[in-house]
Ligand code: T5A
């Protein structure tokens, strides 16, 4: 049996990540895949509640301290995520370490310093970057409610995201309709899973989880 695939959706604020994650999970379930949704920050944990208080401006924190909390919020989920991938469950993940580095670097922290706490996390098999101009994001529901939803910062965040881009990234035009983005994402995911399943039938060696984020 092939292990589950780690499918990540990244992008600036209001690009439609949560909408697409939910649609992707529903469509994969309909097709008979075993799949779960994860979201970062996970605001349900104790660390996640501290992050929520910061994002909603009810708490102030040093830039480095909040960066480390976002990273700790990923590490606390890591054992459970690995177990699920090993059990053949696919994970659709709404934001991850690329967001961590992009936002903190855009605020002025050093890029390498920002990557270090996330070194060795499980690395995604497929990353979609939902690319939306800030001028379009501003028109979408809810923009401006949280701390980072400001034009100049979002533009710097996008620049850092694009510096982090690697071979497993697919850039998606997030100006497109919800349905056409969904069709594109689902096509890519189905292809990735099909290839993994065919490889698993042919290969003798283990299909290991990739534990080399930022390494
Ligand atoms: N952060 C996060 C860090 O600084 N460090 C980190 O390590 C991490 C993980 C919260 C903040 O934390 C920062 C980044 C963020 O600033 P969050 O909880 O993911 O992160 O933020 P949310 O506010 O929940 O989500 P986003 O603002 O990123 O929105 P989404 O999920 O991209 O967008 P979505 O799907 O909720 O849609 C937004 C609106 O647009 C509409 C939707 O109906 C909705 O109204 N919409 C579309 N409209 C037109 N066309 C489309 N194709 C549309 N798709 C959605």
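One table, with the values for the structure above:
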quantity: Relative contact order of the range 66-138, defined on C-alpha pairs under 8 angstrom at six or more residues apart (%); calculated: 36
quantity: Computed Kirkwood radius, in angstrom, where 1/r is averaged over Cα pairs of the range 6-202; calculated: 17.4
quantity: Estimated FRET transfer efficiency when R0 is 22 angstrom, pair residue 140-residue 43 (beta carbons, to 0.05); calculated: 0.60
quantity: Beta bridge orientation in the chain: antiparallel %, DSSP, nearest 5; calculated: 0
quantity: Nearest 10 degrees, 0 to 90: helix 151-164 Cα axis against the chain principal axis; calculated: 40
quantity: Additional length obtainable on full extension of the chain from residue 109 to residue 80, 0.36 nm per residue less Cα span; calculated: 7.5 nm
quantity: Cα-based helix-to-principal-axis angle, 178-202 vs the chain, degrees rounded to 10; calculated: 40
quantity: Tilt relative to the chain, helix 46-55 - C-alpha long axis, 0 to 90 degrees, to 10; calculated: 50
quantity: Point-to-point label distance, residue 162-residue 191, nm (Cα→Cβ direction, 7 Å offset); calculated: 2.3
quantity: In nm, spacing of pseudo-spin labels at residue 148 and residue 204 (7 Å Cα→C-beta vector); calculated: 4.6
quantity: Reciprocal of mean inverse Cα separation for the range 3-92 (Kirkwood radius, Å); calculated: 14.5
quantity: Relative contact order for the range 6-202, counting Cα pairs under 8 Å that sit 6 or more residues apart, in percent; calculated: 33
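Readers should treat all values here as calculations from the given coordinates under stated rules, not as data from a laboratory. Since the model is a prediction, treat every value here as computed from it, not as a measurement. Positions of Cβ are generated from backbone atoms using ideal geometry, with glycine treated the same way; all protein chains shown enter the neighbour counts.
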